[in-house]
Amino acid sequence: ASVSSAQCSWELQALFGCPSAWGPLPAPRWPVECEVIKETTEHIAWVPTEPEPFCQLAGPDLAPAAFSEEQGTVVYHLSPAPRGSCFTGARVGGSLGPLSSPAAPLEGPEDSTLLFESRFESGNLQEAIKVGPYKYLLRLRPDLYTTKHTQWFYFRVQNTRRDPLYHFTIVNMAKSKSLYGKGLRPLLYSQRDAQTRGIGWRRIGDNICYQRGDNSREPASFCLSWSSRFPHDGDTCFFAHSYPYTYSDLQRYLRALVADPARSRYCAVQVLCRSLAGNPIYLLTITHPAAGTAAISAAKRAVVLSARVHPGESGSSWAMQGFLDFLLSAHPDARLLRQLFVFKVVPMLNPDGVVVGNSRCSLAGSDPNRAYGTALRASFPGVWHLQDMIERVLAEREVVLYCDFHGHSRKNNVFMYGCDGGSRTRLCQRIFPWMLSKNAPDKFSFPSCKFKVQKSKAGTGRVVMWRLGVTNSYTMEVAFSGSTMGGRSSHFTMEDLKSLGYHLCDTLLDFCDPDPAKVGWELPCSMLPVPRRGCGDNGSIPQLQQCLSEVNRLLQQRMGREPGSDSGWSDVPTSELES
């Protein structure tokens, strides 16, 4: 059912009103088919004291033996949504009926069977089959109202034993290639360690194997296997594909932001629209209050950022939180950015998918990042309203950058996808990613960046915003695993992910307002998007010229051209530049 503007205004006031009026955060709305347990799930933030290296992959001789589901015992089962069903309605708490009992009861205190649970926010596990004393086959729930997109997992286990080596196999992973085949480890969270030692999510798992499955129920699926031990007897633990970041996590962050007098001075939180389930999709407007005439305010350029259109890519939310932390800080560069730009930020485009634990889709049953340009307002409200907002901003001011934060399941490091239109300025779209690679050399891989506009990507945010006139329109991809840059070979931590937000701010300032203290090259002032700090009358714009020269030199080397050649790149097919 639609929600009136009066209701929307009331709920916004209830969430972001004066501190004395705050009650509990509004609970997420779930599809009416979903069962939801009453317990809330929160995790502490923690950074490992040592890097967490990629695992040594299991060879064929160490790959786990195949187990027959028919020989096992189902110890957890959630009924999937009926094939062909679609979203019909939502309410707080999901299903009206009494909760079922998907976990098999223990036979006594000596029964060591794990107790599984996933009926909480962002949880995803459909079935667990015990095929040995400490061996389990697991099946993920496909994205709601679909039969595919099984990648994200997040579930709870209880009744743990400390000494045994457990073996887990997820039997219906969807993708043929995965970073689990390059050393990615799953995440484990122990409630007892969090409470007694202050330790949060950690990478675990040995004998990790990712291979094609032998599964008659899902013949095209792949299997992820790992073995691990639990740290304590009788503990409550969680497994996850990547660091969870739920819709409630975002709401808690926004409430703390608005309650902070210093940060809220520069940040207005509004409801951009409502999702299919009726969950607010938030829009943050961040800028320094204009001191002076309206013309000064109107002269500011805009920067638009979005994240979490794909709900299973939770690392993008941590990167977005790092961006907001820095931009709203008292750091001099953050103050300068707020003075130069108006930032429009949508931190979670697909809250429904995040709530129900989807990997890729919204409750419309398809990928919202293929629906830009053709999206129906009623089916993809977040995408439709984001595009509408950008079109309205473009009518008022230049949008100097659009960046959509994502996660990547097949390549390590951080990289960007841009848009190469084949014009004479085609190298310019490569400058921002090149500069970001210089500012984050231990994380960002410029060689992994791609700029070809493929037909299959025509409905993505970066391509549609580029066609609307945003020259610097990108998708920033953050690997689920970690970095192989700068001598690293280790997983990303939460702080690594959050630092990407700072690096993006730093690069934006270098790109649009370069600091001549870094290096000294020349570029005509007419090529600059905004006035610069510390730039004299001679128009010394070091970073842009340096990066353009380096990209040009790199391409000349790769393409076998003579150094210093004056020939341009407009006649070179994009596919050749990519390779």
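Each reported figure results from applying straightforward, stated rules to the coordinates on display, with no laboratory input. Here the structure is a predicted model, which means the values were calculated and not measured. Don't worry about glycine lacking a Cβ; one is built from the backbone with ideal geometry, like all the others, and counts go over all protein chains shown.
Some notes on this structure:
- Each residue of the stretch 189-205 was assigned a 3J(HN,Hα) from its phi angle through the Karplus curve 6.51 cos²θ - 1.76 cosθ + 1.60 (θ = phi - 60°); the sequence is 10, 9, 5, 5, 5, 5, 6, 9, 10, x, 9, x, 4, 9, 7, 9, x Hz, with glycine and proline shown as x.
- Computed from the Cβ-Cβ distance with R0 of 45 Å, the FRET efficiency linking GLN557 to GLN158 stands at 0.20.
- Sequence-distant residues sharing a close amide H with MET416 (under 5 Å, placed H): CYS449, LYS450, GLU477
- Contact order normalised by residue count of the stretch 247-511, Cα under 8 Å, 6+ apart, percent: 23
- Whole-Hz couplings from phi, Karplus 6.51/-1.76/1.60, listed for the stretch 462-472; x for Gly and Pro: 5, 6, 5, 5, 5, 5, 6, x, 8, 4, 9
- Once backbone amide H atoms are built at 1.01 Å from N, ALA302 has VAL342, GLU398, VAL399, VAL400 as its partners under 5 Å, excluding neighbours fewer than 5 places away on the same chain.
- Restriction of the trypsin sites (Lys or Arg not before Pro) in the stretch 333-429 to DSSP coil positions whose beta-carbon has at most 13 other beta-carbons within 10 angstrom yields ARG377, ARG424.
- Couplings 3J(HN,Hα) of the stretch 81-96, computed from phi: 4, x, 4, x, 6, 9, 5, 10, x, 8, 7, 5, x, x, 4, 6 Hz, in residue order, whole Hz [Karplus 6.51 cos²θ - 1.76 cosθ + 1.60, θ = phi - 60°; x for Gly and Pro].
- Under 5 Å, built H, 5+ apart or other chain: amide partners of TYR474: TYR402, CYS403, ASP404
- Distance between the stretch 297-317 and the stretch 87-139 - C-alpha centres, whole angstrom: 35
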